[in-house]
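The block underneath contains the structure these notes are about, expressed in structure tokens.
The values are calculated or read from the model by the stated rules, or taken from the named source; none is laboratory data. As the structure is a computational prediction, the values presented were derived from the model and not from experiment. No Cβ is skipped: glycine too gets one built from the backbone with ideal geometry, and neighbour counts run over all protein chains shown. Surface accessibility is based on the protein's heavy atoms, side chains included, excluding ligands, DNA and RNA. Shrake-Rupley method; radii C 1.70, N 1.55, O 1.52, S 1.80 Å.
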Amino acid sequence: SIVTLYPLPGFSPPTPLTKSKQALSIATFTGVVHTNTADKGALSPDDTVKAKDVPSVVTHLAIGCKRKIVIYSWKDGEPQEPQVRRGDSVVYSELSTHSHIQETTLSHSPRAMSFLNEDVICFGYAVSDYALYYLKTSTMVEIATPIPAVTSGTAISSMGMGALSNLGGYMGLGARARPWVVTVHEGEALIARDSTSLVLKVGCNV
């Protein structure tokens with residue numbers, strides 16, 4: 001129910017992330033992101049031509065909690081610059097020597113999450129309810145996946161559902177179905193449910 005950071009290789013001292021209380025899901029992204037030096041606006045027109053992409057190692061730790069998502073970020077091992085507050089999203093520093101936090105209030109609790117790239121997370125609320133979360137703007141796009149038609153199996157219909165009532169705890173038949181999503185390629189996520197799967201694609205420049 002809470003996420004804790006452990007330094008390698010000694011695993012001590014541990015650092016509990018207090019903002020991750022009631023954690024339900026977790027996802028990480030680490031990759032090389034190129035930033036053009038011309039974007040900083042400090043270059044003259046003559047120097048802009050000479051501007052080059054500067055590679056940086058960016059790490060995001062996303063934690064889905066009860067009706068919120070908390071994101072810790074590092075850049076080349078250092079905290080990223082705080083982002084601008086937008087609506088219900090607020091960014092502040094909890095661990096100044098570790099990371100900056102981006103926290104956004106949600107209408108539901110993310111129970112499954114996966115990064116599509118350094119800026120987009122796909123998370124699921126329920127079996128048929130998913131959303132895309134954009135880190136740069138702290139905004140979401142809801143995705144409703146179709147629910148396949150349910151057909152009765154001959155074995156179950158012949159025995160009756162009551163015959164399986166005592167097997168729920170043993171076989172997991174009585175457990176509530178959970179959303180499931182995994183990244184299969186950059187910009188692509190696979191949403192799977194029983195024998196049905198959906199591939200969600202987003203552009204790299206979102």
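Quick notes
- Approximating the spin labels as points 7 Å out from Cα along Cα→Cβ, the LEU8-to-ILE26 distance works out to 1.4 nm.
- Projected label points at LYS66 and LYS201, each 7 Å from Cα along the beta carbon direction, are separated by 4.0 nanometres.
- In this structure the amide hydrogen of SER109, modeled in the peptide plane, comes within under 5 Å of the amide hydrogens of ARG67, none closer than 5 places in sequence on its chain.
- Sequence-distant residues sharing a close amide H with SER25 (under 5 Å, placed H): GLY64
- Efficiency of FRET from Cβ geometry, THR18 and ALA144, R₀ 30 Å, rounded to 0.05: 0.35
- Rounded to the nearest 10 Å², the accessible area of VAL199 at probe 1.4 Å: 90
- For TRP180, distant residues with modelled amide H under 5 Å away: ALA192
- When peptides 112-122, 5-15, 67-77, 25-35 are sorted by average Cβ neighbour count within 10 Å, with the highest value leading, the order is 112-122, 67-77, 25-35, 5-15.
- In nm, spacing of pseudo-spin labels at ASP129 and ARG178 (7 Å Cα→C-beta vector): 1.8
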